[in-house]
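S.K.: Could you have a look at this structure, given as structure tokens, before my questions?
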Amino acid sequence: MDLKQVTLERTAYLPDQLILNGALQVAFAGRSNVGKSSLLNKLFNRRALAKVSQTPGKTQSINYYRVGEKLCFVDLPGYGYARAPKAERDRWKKLMDVFFAQNQVLRGLVHLIDIRHEPTDLDVELHEWTLPLVRNHLYVLTKSDKVKQNQKAKAIADVAAQLEIRRNQIVSFSAETGEGKHLILNWVAEVAA
Ligand code: GTP
Ligand code: MG
């Protein structure tokens, strides 16, 4: 995986703009503001390839970052931004439906959850919805620099219990310190091999 060769390959707003075959994909999903774009920038070692903002709902499109010849990292739009108009939420659901159900090349989903908060109903929904549709799942607890070591262990145990997953499927991550970065990259390399 050559992370020095990263380019924004496509920005998709509509189902017919989605890339459903070709290079293998690993997608990054989670509620608005959880830190998806910050995580991608950290993995890529780029300060601002993926747009980061204080305003939730910044990434409204599906953004495909091409890494070398064979792999795409896909930044999915944040869900559950309560103030988004219904038409916007419907558009999101339709886009994600096609993305997950018709994708021939999706090998893994990285589901991001803020380490300071328990998984929400929307997290449980995303988890149950995608479980049968995507082969491999990794759960990343973001913003780990904001909590103490003992709170980290508790958060991992809580997420494992609530989503009924194994603890070794969960990684704590910080875009500030880089904690967890190599575990995530190793996982991506493995599922996209
Ligand atoms: P949407 O595109 O709206 O769905 O948001 P996103 O999930 O892409 O989140 P984004 O990366 O834009 O980050 C949201 C906010 O959280 C920004 O203010 C980031 O600086 C902050 N943030 C993200 N990751 C971390 C982290 O690991 N530690 C800390 N302290 N702040 C973070
Ligand atoms: Mg974003």
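S.K.: I'd like to know if the stretch 116-123 contains one or more residues that are in a helix (DSSP H, G or I), touching a residue at least 60 places away in the same chain (Cβ under 8 Å) and either farther than 19 Å from residue 42 by Cα or of a type in the set (Asp, Glu) (or both). Don't jump to the end; show me each part of the working.
M.R.: Within the stretch 116-123, the subset in a helix (DSSP H, G or I) is 121-123.
Narrowing further to those that are touching a residue at least 60 places away in the same chain (Cβ under 8 Å): 122-123.
The next check asks that each one be either farther than 19 Å from residue 42 by Cα or of a type in the set (Asp, Glu) (or both); those that pass are 122-123.
Looking for residues that are in a helix (DSSP H, G or I), touching a residue at least 60 places away in the same chain (Cβ under 8 Å) and either farther than 19 Å from residue 42 by Cα or of a type in the set (Asp, Glu) (or both), one finds at least one in the stretch 116-123, hence yes.
S.K.: Suppose we filter 110, 140, 134 for residues that are more than 16 Å from ligand 2 (Cβ to nearest atom) and surrounded by 14 or more Cβ atoms within 10 Å (Cβ to Cβ); which single one remains?
M.R.: 134
S.K.: Okay, moving on. With within 21 Å of residue 9 (Cα to Cα) and either aromatic (Phe, Trp, Tyr) or at pLDDT 90 or above (or both) as the only criterion, which of 106, 112 stands out? Step through it out loud before you land on a result.
M.R.: On the way: 112 fails: within 21 Å of residue 9 (Cα to Cα).
After applying the criteria, what remains is 106.
S.K.: Separate question: Scan the stretch 29-44 and report the pairs whose first residue is closer than 20 Å to residue 106 by Cα and whose second residue is among the hydrophobic types (A, V, I, L, M, F, W, C) and within 8 Å of ligand 2 (Cβ to nearest atom), with Cβ atoms within less than 6 Å and a gap of 6+ or a chain change.
M.R.: 37/50; 37/52; 40/50
S.K.: Related question: Of all the residues that make up the stretch 95-105, how many are in contact with a Leu (Cβ under 9 Å, 6 or more places away or on another chain) and in a helix (DSSP H, G or I)?
M.R.: So in the stretch 95-105, the residues in contact with a Leu (Cβ under 9 Å, 6 or more places away or on another chain) come out as 95-96, 98-105.
Still in the running and in a helix (DSSP H, G or I): 95-96, 98-101.
Of the residues in the stretch 95-105, 6 are in contact with a Leu (Cβ under 9 Å, 6 or more places away or on another chain) and in a helix (DSSP H, G or I).
S.K.: Filtering the stretch 55-76 down to residues that are within 11 Å of ligand 1 (Cβ to nearest atom) and not in a strand (DSSP E or B), which residue is modelled with the highest pLDDT?
M.R.: By that ranking, first place goes to 76.
S.K.: Residues in the stretch 43-54: is at least one within 15 Å of ligand 1 (Cβ to nearest atom), in a helix (DSSP H, G or I) and farther than 27 Å from residue 87 by Cβ?
M.R.: Yes, there is a match, as at least one residue in the stretch 43-54 is within 15 Å of ligand 1 (Cβ to nearest atom), in a helix (DSSP H, G or I) and farther than 27 Å from residue 87 by Cβ.
S.K.: Go through the stretch 102-125 and give me each residue that's closer than 20 Å to residue 145 by Cβ and of a type in the set (Lys, Arg).
M.R.: Result: 116, single match.
The values are calculated or read from the model by the stated rules, or taken from the named source; none is laboratory data. Just so it is clear, the model here is predicted, and its values are computed rather than measured. Because the Cβ atoms are built from the backbone with ideal geometry, glycine has one as well, and the counts that use them run over all protein chains shown.
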